Protein chains: 2
Amino acid sequence: MHKESEILERYIKSKDLRHTPQREKILNIFLSTEKHLSADELHKLVKKRDSDIGYTTVYRAIKLFSKCGLLSEVDFGDGIMRFEHKYGHGHHDHLVCTKCGKFIEVIKPRIEKLQESLAKEHGFKPTRHKLQIFGTCRRCSMKK
Amino acid sequence: MHKESEILERYIKSKDLRHTPQREKILNIFLSTEKHLSADELHKLVKKRDSDIGYTTVYRAIKLFSKCGLLSEVDFGDGIMRFEHKYGHGHHDHLVCTKCGKFIEVIKPRIEKLQESLAKEHGFKPTRHKLQIFGTCRRCSMKK
DNA sequence: TATCTATTGAAAATGATTTTCAATATTACC
DNA sequence: GGTAATATTGAAAATCATTTTCAATAGATA
Ligand SMILES: [Mn+2]
Ligand SMILES: [Mn+2]
Ligand SMILES: [Zn+2]
Ligand SMILES: [Zn+2]
């Protein structure tokens with residue numbers, strides 16, 4: 001059993017929730033890819049393995065995984081929430097290609113530091129930030 | 001007549017659109033505040049001066065102002081689009097207080113430069129970016 | 001003024017996400 | 001293993017910001 005399942009189980013026990021096969025399957029499928037899936041995409045994958053799991057259950061599982069720190073929401077501003085692994089994945093920013101939709105995960109410590117000092121300069125206590133750079137990826141730049 | 005009205009008029013003429021009193025009023029009210037209003041907030045202000053202007057017309061005016069470079073959309077991730085002046089306002093980022101909703105407009109040239117080089121390192125051609133730092137503003141930090 | 005067609009406002013539609021609710025499954029306890 | 005208490009499920013309905021539809025109206029041009 002992987003660490004993530006343990007974390008979920010611990011959370012479930014601590015909050016008087018219940019272990020269900022639906023949650024187990026949804027978690028495994030979520031963990032099986034590093035893609036940033038939408039609820040709809042995750043539901044489609046889930047249905048391949050178990051056609052009886054409903055849309056709503058997937059949405060509810062996402063909220064649950066978010067609460068126990070396994071998942072975080074990523075908003076690329078197109079009206080669709082996407083989800084990424086949180087456990088074992090440090091903070092990072094995204095370069096988002098507006099041609100093909102692909103994205104690159106990046107981290108630039110000097111930018112992070114400058115953000116800290118920028119906030120401090122304004123008497124602002126930062127808790128989180130969102131940096132997204134939109135543009136054209138290498139591959140899309142080539143295909144004239 | 002301010003410069004913004006001229007820009008709108010020029011755009012309207014160039015695209016075979018029509019000047020209307022609704023558009024004129026909505027533009028003036030949009031320009032009268034530096035707040036980042038939502039469509040609903042803008043509509044409420046508009047109705048104070050002219051109660052016959054509909055919701056839909058405000059939405060349509062927003063799209064129009066956006067097309068002629070007078071307005072840009074700001075998405076703080078709460079499901080509501082807000083709008084800010086674009087003409088005469090350079091690019092900037094936002095510090096957003098999650099307690100009171102206020103925000104501070106900031107620009108840090110060194111961060112901008114580092115973003116450029118970050119993109120370049122990944123063969124990525126940036127067109128725009130979004131940097132938002134969420135946290136607690138000075139005033140909200142004080143009120144224990 | 002006449003004509004063409006862009007604009008308007010109300011109402012309906014959209015689409016992602018959330019809520020409701022009756023049926024079912026899980027857990028703790030006997 | 002039963003049994004009761006209650007969390008979970010899935011389908012359908014609701015939500016809510018925004019967009020579309022459509023018939024009536026108004027702006028531009030000649
Ligand atoms: Mn990511
Ligand atoms: Mn701003
Ligand atoms: Zn690309
Ligand atoms: Zn504040």
Subset of segment A:45-72 [within 25 Å of A:His129 (Cβ to Cβ) and open to solvent by 80 Å² or more (accessible area, probe 1.4 Å)]: A:Lys63, A:Lys67
Which ones in segment A:73-88 are under 15 Å from B:Gly77 (Cα atoms) and open to solvent by 30 Å² or more (accessible area, probe 1.4 Å)? A:Glu73, A:Gly77, A:Asp78, A:Gly79, A:Ile80, A:Met81, A:Arg82
Could you grab the pairs with beta carbons closer than 8 Å, sequence gap of 6+ or different chains, first residue in segment B:1-26 and in contact (Cβ under 8 Å) with a residue 40 or more places away in the chain, second one assigned to a loop (DSSP other than H, G, I, E, B) and of a type in the set (Ser, Thr, Tyr)? B:Lys3/B:Tyr87; B:Glu4/B:Tyr87; B:Ile7/B:Tyr87
Odd one out for A:His94 among (1) open to solvent by 20 Å² or more (accessible area, probe 1.4 Å); (2) touching a strand residue (DSSP E or B) at 6+ places or on another chain (Cβ under 7 Å): (1)
Please give the number of the condition A:His36 fails out of (1) within 9 Å of DNA strand D (Cβ to nearest atom); (2) open to solvent by less than 30 Å² (accessible area, probe 1.4 Å). (1)
Hits in segment B:106-122 (condition: farther than 20 Å from A:Lys120 by Cβ, open to solvent by 40 Å² or more (accessible area, probe 1.4 Å) and within 7 Å of another protein chain (Cβ to nearest Cβ)): B:His122
Could you tell me which residue of segment A:57-101 is farthest from DNA strand C (Cβ to nearest atom), considering only residues that are within 14 Å of chain B (Cβ to nearest Cβ) and in contact with a Leu (Cβ under 7 Å, 6 or more places away or on another chain)? A:Asp93
Of all residues in segment B:123-137, which are assigned to a loop (DSSP other than H, G, I, E, B) and buried (at least 18 other Cβ atoms within 10 Å of the Cβ)? B:Phe124, B:Cys137
Does B:Ser72 satisfy the criteria of being among the polar types (S, T, N, Q), away from ligand 4 (no atom under 16 Å from the Cβ) and in the same structural domain as B:Leu8 (by TED's automatic domain parsing)? yes
For segment B:23-36, does any single residue satisfy the condition of being modelled with pLDDT of 95 or more, within 14 Å of chain A (Cβ to nearest Cβ) and more than 16 Å from ligand 1 (Cβ to nearest atom)? no
Any residue that is part of a loop (DSSP other than H, G, I, E, B) and outside the structural domain of A:Cys97 (by TED's automatic domain parsing) - is there at least one of those in segment A:24-31? no
In the list A:Cys100, A:Cys140, which residue meets the criterion of being open to solvent by less than 20 Å² (accessible area, probe 1.4 Å) and more than 20 Å from B:Glu112 (Cβ to Cβ)? A:Cys140
So A:Ser38, is it touching a residue at least 24 places away in the same chain (Cβ under 8 Å) and among the small types (Gly, Ala, Ser): yes
Residue pairs, Cβ under 6 Å, 6 or more apart or interchain, first in segment B:123-140 and more than 7 Å from chain A (Cβ to nearest Cβ), second surrounded by 17 or more Cβ atoms within 10 Å (Cβ to Cβ). List them. B:Cys140/B:Cys97
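The values are calculated or read from the model by the stated rules, or taken from the named source; none is laboratory data. This structure is a prediction, so every number in the text was calculated from the model and none was measured. Note that we place each Cβ from the backbone using ideal geometry, even for glycine, and neighbour counts take in every protein chain shown. The accessibility values were calculated without ligands, DNA or RNA, using every heavy atom of the protein model including side chains. Shrake-Rupley method; radii C 1.70, N 1.55, O 1.52, S 1.80 Å.
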